[in-house]
Amino acid sequence: MSDARLIGSDIPLAERYDLALVDLDGVAYKGHEPIAGAAAGLGGARAAGMRLVFVTNNASREPGSVAEQLTGLDIPAQAGDVMTAAQACAQLLGTRLSPGAKVLVVGGAGMYTAVREAGFTVVESADDHPDAVAQGFAPELGWAQLAEAAYAVAGGAWFVASNLDLSLPTARGFAPGNGALVGAVSAATGVRPDSAGKPASTMYELAVDRVGATHPLVVGDRLDTDLAGARTGGYAGLHVLTGVSTARDDVLADPGFRPHYIAADLGELLLPHPVPERVAEGWWRVRGSAARVVDGRLELDGAAPGADRGVDLVRAACAAAWDAVDSGAGLDVDSVPDLPVHD
């Protein structure tokens, strides 16, 4: 049976953990727009003594630029508070390449800066016979850069990606992410890249070392990257329901993608988190909300007096569904509804 279950905290998470490793898009903001509860939640967490490092799979921008955007959204930050996939990618390059090695960079300013600061020589053409290709997302990325990457990879250059996210949340919806663009090079060459970004735990480890934290908490909106990276690295993970992955995704999550905590938004860093309890007749209860699985079908009860028919019902549903799956009883996927986050 899996031990990938929800856990509880009788004190606010901002008091239990000394560092929050906070994702950006879909968590702190969406595109260039603020997310409700983000500024207040993060500000309150800092006031409670929690350190913040913003950890993003987006490699297109430099840390200072990210910090300026956060500050403009009432989330004060400095460059040292930001850890990007470009920085993790440059570190990964250093595990195989010597200083001065030639790297063809495909991406934005963040990737160029990180690769140069790591001591490598940046080139822009496959004709320069690069030792590696480092590809990260940039909105201005076009066919010509992807073609140079394909030529270099086909010629034997080591292919390294900042991350493999297929989609990117924006204010208008979901757009192609770095993984979709990497897919074009992979399709042309038959080579799948090594990846430095989440769900690898490299960035989390770098951030923890940077601030000397002893009890970090990963905070993200994507189960397949943020929360999978938490499980990979052995960190507690909080899933906030403001971005890509939904409450229904939580219920159906494989053990390696499951969060330890679930919250509507970052404001719940300032709250205790109840642990689901198994009660009579197979029900799993979180305060006034409950769920169980009978003959493979998920049943929900959020109608009890005082019930929070939002997050508490999601927590109870996860407890019941995960128990059924992990015990071998099984779960009918079609019985899992699109769970509401708020009343």
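Charge tally for D338 (other residues, Cβ to Cβ under 11 Å; Lys, Arg +1; Asp, Glu -1): 0. At an R0 of 45 angstrom, the distance between the Cβ atoms of V275 and A109 translates into a FRET efficiency of 0.50. For G156, neighbours were defined as the other residues whose beta-carbon sits under 14 Å from its Cβ, and their charges (Lys and Arg +1, Asp and Glu -1) total -1.
Here the calculated FRET efficiency for L206 and A154, from their Cβ-Cβ distance with R0 = 35 Å, stands at 0.65, rounded to the nearest 0.05.
Centre-to-centre, using Cα atoms only, segment 107-173 and segment 11-66 are separated by 27 Å.
Directionally averaged projected area (segment 156-261, Cα convex hull): 8.2 nm².
Note on R46 and E124: the model spin-label points, each 7 Å out from Cα along the C-beta direction, lie 3.8 nm apart. Between V294 and E117, full extension at 0.36 nm per residue minus the direct alpha carbon distance yields a gain of 58.0 nm.
Geometric descriptor of the chain, per residue, is 137 Å³ (volume of the convex hull of the Cα atoms). Each residue, A147 and L166, gets one label point 7 Å from its Cα in the Cβ direction; the gap between the two is 2.8 nm. Between H215 and A180, the contour length at 0.36 nm per residue exceeds the Cα-Cα span by 9.2 nm. Of the solvent-accessible surface of segment 164-301, computed with a 1.4 Å probe and all protein chains present, 52% belongs to carbon and sulfur. Above 19 Å, the calculated P(r) of segment 189-248 contains 36 percent of its Cα-Cα pairs. Scaled to the compact-protein estimate 2.2 N^0.38 Å, what is the alpha-carbon radius of gyration of segment 224-343, rounded to two decimal places? The value comes to 0.99. Close amide-amide hydrogen proximity is noted between I262 and H239, each under 5 Å apart and 5 or more residues distant or on a separate chain (H modeled in the peptide plane; Pro and chain starts excluded). What's the whole-number percent of alpha carbon pairs in segment 7-116 lying beyond 17 angstrom? Cα-Cα pairs of segment 7-116 separated by over 17 Å account for 58 percent. Using a probe of 1.4 angstrom and keeping all protein chains present, the accessible surface of the chain works out to 41 square angstrom per residue. When both bridge partners sit in the chain, DSSP labels roughly 35% of those beta bridges antiparallel. Near P272, within a Cβ-to-Cβ distance under 12 Å, what is the net charge of the other residues, with Lys and Arg +1 and Asp and Glu -1? Net charge around P272: -1. Measuring r between the beta carbons of Q91 and V333 and using R0 = 45 Å, the FRET efficiency lands at 0.70.
The values are calculated or read from the model by the stated rules, or taken from the named source; none is laboratory data. Source: prediction; values computed, not measured. Neighbour counts are summed over all protein chains in view; Cβ atoms, including those assigned to glycine, are modelled from backbone coordinates with ideal geometry. Side chains included, ligands, DNA and RNA excluded: accessible areas come from the protein's heavy atoms. Shrake-Rupley method; radii C 1.70, N 1.55, O 1.52, S 1.80 Å.
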